[in-house]
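Asker: The structure is given below, and queries will be raised subsequently.
The values are calculated or read from the model by the stated rules, or taken from the named source; none is laboratory data. Owing to the predicted nature of the structure, the values given are computational and were not obtained by experimental measurement. With ideal geometry, Cβ positions are generated from the backbone for all residues, glycine too; neighbour counts draw on all protein chains shown.
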Amino acid sequence: MSVYIIAQLKFTRRELYDRYQARFLDVFRQFKGRLLVADERPQVLEGPFERDKIVVLEFPDKLAAMEFQESPEYAEIAVDRTAGADAVVLMVRGRKDQSPETIRAIDAWSLTQAPH
């Protein structure tokens with residue numbers, strides 16, 4: 001089952017974060033992940049959001065995600081990320097069946113649960 005690492009970042013020392021970002025892809029390419037989102041202008045649809053950037057990474061499973069997250073290669077560059085940005089970082093599980101039919105069925109069900 002796919003897992004996703006979602007980071008919400010607030011820059012504190014942009015020059016350090018930029019140094020991290022310049023090295024990130026070279027490190028990330030060594031692992032079994034895909035960069036899905038790196039957006040410094042997310043559109044807030046609901047609620048307060050006091051962050052500067054959202055990053056979403058996809059991995060085939062939790063083991064692959066943790067291999068990246070806990071690797072010495074990532075730890076070496078992550079020093080600049082933690083010094084350059086406050087972050088909330090989450091790992092979430094994908095659904096086992098993410099076919100378009102299932103997603104449409106879930107969306108239709110959720111509409112029936114919304115308060116009117």
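Asker: Going residue by residue through segment 19-32, is there one that turns out to be among the aromatic types (F, W, Y), under 23 Å from E76 (Cβ atoms) and part of a loop (DSSP other than H, G, I, E, B)?
Answerer: yes
Asker: Restricting to segment 50-64, what's the tally of residues that are touching an Asp or Glu at 6+ places or on another chain (Cβ under 9 Å) and of a type in the set (G, A, S)? Break it down stepwise before answering.
Answerer: Within segment 50-64, the first condition is being touching an Asp or Glu at 6+ places or on another chain (Cβ under 9 Å), and the residues that meet it are 51-56, 59.
Applying the additional criterion that residues be of a type in the set (G, A, S) yields none.
Matching residues across segment 50-64 total 0.
Results for (1) small (G, A, S); (2) part of a helix (DSSP H, G or I), shown as yes or no for each residue.
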residue	(1), (2)
L9	no, no
I77	no, yes
A83	yes, yes
V89	no, no
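Asker: Moving on. Which of the residues belonging to segment 41-55 are within 12 Å of V88 (Cα to Cα) and aliphatic (A, V, I, L, M)?
Answerer: Answer for segment 41-55, where residues must be within 12 Å of V88 (Cα to Cα) and aliphatic (A, V, I, L, M): I54, V55.
Asker: For segment 1-28, name all the residues that are over 19 Å from D86 (Cα atoms) and of a type outside the set (S, T, Y).
Answerer: Filtering segment 1-28 down to residues over 19 Å from D86 (Cα atoms) leaves 1-4, 25-28.
Answer for segment 1-28, where residues must be over 19 Å from D86 (Cα atoms) and of a type outside the set (S, T, Y): M1, V3, L25, D26, V27, F28.
Asker: Step by step: first the residues of segment 91-109, then only those that are assigned to a loop (DSSP other than H, G, I, E, B) and not hydroxyl-bearing (S, T, Y), then the one that is modelled with the lowest pLDDT. Which residue is that? Let's see the steps before the verdict.
Answerer: The first filter runs over segment 91-109 and keeps only residues assigned to a loop (DSSP other than H, G, I, E, B), leaving 94-99.
Subset that is not hydroxyl-bearing (S, T, Y): 94-98.
Details: G94: 92, R95: 83, K96: 75, D97: 64, Q98: 58.
For segment 91-109, the residue satisfying everything is Q98.
Asker: Return the residues of segment 36-63 that are touching a Phe, Trp or Tyr at 6+ places or on another chain (Cβ under 8 Å) and over 19 Å from E76 (Cβ atoms); say none if nothing qualifies.
Answerer: Quick first cut of segment 36-63, residues touching a Phe, Trp or Tyr at 6+ places or on another chain (Cβ under 8 Å) only: 36, 42, 52-53, 56-59.
Result: L36, P42, D52, K53, V56, E58, F59.
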